[in-house]
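Asker: This is the structure I have questions about; it appears just below.
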Amino acid sequence: MDQRQQQVVNQAAQEWTEAARQSFQTLADRTVTLQESNLRLTQNFFQQFVQQLQSQTQGNQQVTQTLQEQGQKQQEAFQTLAQESANAYSEFLNSAMSFYQQTIQQAAQVAQGNIQTAGQMAQRNTEAANQMVQSGVQAAQQSVEAGTSAAQENTQAAGQAAKANAQAAKNSQ
């Protein structure tokens, strides 16, 4: 092989090496871009999910508060009715009124307990949803970090391969 042919071979090897390096660089850049896009999509999804849960939680809290207020109004109305009835028929219906008042108080206690339980359940659901969202965001971030790390390693490997090919071409001269 004469020197001209050797130069042509070396030139072709260098061009091939550069083309391979550029291909790997393009692939690595595209991988990083896709990972960033996936991260944005994942973050948007979880942010919307959290917003929806917060909206539902606020709605649940408002409903719970409304129910509590209505329960209080009912309790006050029942107490007023019981008191007026007791005053009007105190001697005639003394024993029946005593039973009626006990029943009303028990119903009010049960209603109050139910309202408190509903509030507690809404709070627990909110906390569980927040924990799930945070876990999802952490998993997405870890995924992006792993993808970025792999892309960087691929870029470095491609660069080293290109250097090795150039060196091999140079040594074969």
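This table checks each residue for (1) within 24 Å of Ala157 (Cα to Cα); (2) without any contact (Cβ under 8 Å) to a residue 12 or more places away in the chain; (3) not in a helix (DSSP H, G or I).
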{"residue": "Ala12", "(1), (2), (3)": "yes, yes, no"}
{"residue": "Arg21", "(1), (2), (3)": "yes, no, no"}
{"residue": "Arg40", "(1), (2), (3)": "no, yes, no"}
{"residue": "Gln43", "(1), (2), (3)": "no, no, no"}
{"residue": "Val50", "(1), (2), (3)": "no, no, no"}
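Asker: Next up: Does Thr66 satisfy being polar (S, T, N, Q), under 33 Å from the mean Cα position of the chain (by Cα), under 30 Å from Ala129 (Cβ atoms) and surrounded by fewer than 14 Cβ atoms within 10 Å (Cβ to Cβ)? I'd like the intermediate steps shown before the answer.
Answerer: Values: polar (S, T, N, Q): yes; under 33 Å from the mean Cα position of the chain (by Cα): yes; under 30 Å from Ala129 (Cβ atoms): yes; surrounded by fewer than 14 Cβ atoms within 10 Å (Cβ to Cβ): yes.
Considered against the rule, which asks whether it is polar (S, T, N, Q), under 33 Å from the mean Cα position of the chain (by Cα), under 30 Å from Ala129 (Cβ atoms) and surrounded by fewer than 14 Cβ atoms within 10 Å (Cβ to Cβ), Thr66 comes out as yes.
Table: residues versus (1) loosely packed, with under 12 Cβ neighbours inside 10 Å; (2) more than 19 Å from Gln167 (Cα to Cα); (3) modelled with pLDDT of 90 or more.
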| site | (1), (2), (3) |
| --- | --- |
| Asp2 | yes, yes, no |
| Val9 | no, no, no |
| Ala12 | yes, no, no |
| Arg30 | yes, yes, yes |
| Glu36 | no, yes, yes |
| Gln56 | no, yes, yes |
| Lys73 | yes, yes, yes |
| Gln79 | no, yes, no |
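Asker: When both residues are 6+ apart or on different chains and their Cβ atoms are under 6 Å apart, which pairs have a first residue that lies in the stretch 140-156 and is farther than 13 Å from Arg30 by Cβ, and a second that is among the hydroxyl-bearing types (Ser, Thr, Tyr) and part of a helix (DSSP H, G or I)?
Answerer: Qualifying pairs under 6 Å: Ala140/Thr42.
Yes/no matrix, rows are residues, columns are (1) surrounded by 13 or more Cβ atoms within 10 Å (Cβ to Cβ); (2) charged (D, E, K, R); (3) under 28 Å from Ser37 (Cα atoms):
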residue	(1), (2), (3)
Gln52	no, no, yes
Gln70	no, no, no
Ala82	yes, no, no
Arg124	no, yes, no
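The values are calculated or read from the model by the stated rules, or taken from the named source; none is laboratory data. The structure displayed is predicted, hence computed values, not measured ones. Please note: Cβ atoms are built from the backbone with ideal geometry, for glycine as well, and neighbour counts cover all protein chains shown.
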